[in-house]
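What follows is one structure encoded as structure tokens, with my remarks underneath.
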Amino acid sequence: MPRRYEIDAAWRAAITREQDGRQTVTTAAFVRELHKFNWHWTPRQANQWIETYVTVFRDVSPNEGENRTFQLFNPNGGR
């Protein structure tokens, strides 16, 4: 039986750090991690959760569609 705290764990597990230090998450990676915790969400449901509960990542997707890419950003200008 899935538990709500597992959604946060799946989100953290889906974050990838690139060589230049940027941290990104794709919708597909988040959905894949959710499946490991027995949460079976569509990409649309995953995007809705990200838009609602995640405030420090912004959408940097190069294309339209449900498989989006989110990147960590600092809204305080680095302070």
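Throughout, read-outs are computed from the coordinates displayed, never taken from laboratory work. Just so it is clear, the structure is predicted and the values come from calculations on it, not from any experiment. Here the Cβ positions follow ideal geometry from the backbone for every residue, glycine too, while neighbour counts run over all protein chains shown.
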**Message:** About the Cα centre, and with charges only on the beta carbon of Lys, Arg (+1) and Asp, Glu (-1), how big is the dipole of the stretch 5-72? Nearest 20 debye, please.
**Reply:** 100 debye
**Read-out Cα extents along the principal axes in Å, derived from the coordinates shown; its label in [x] 67, 23, 14; [y] 41, 25, 20; [z] 41, 28, 25** = [z]
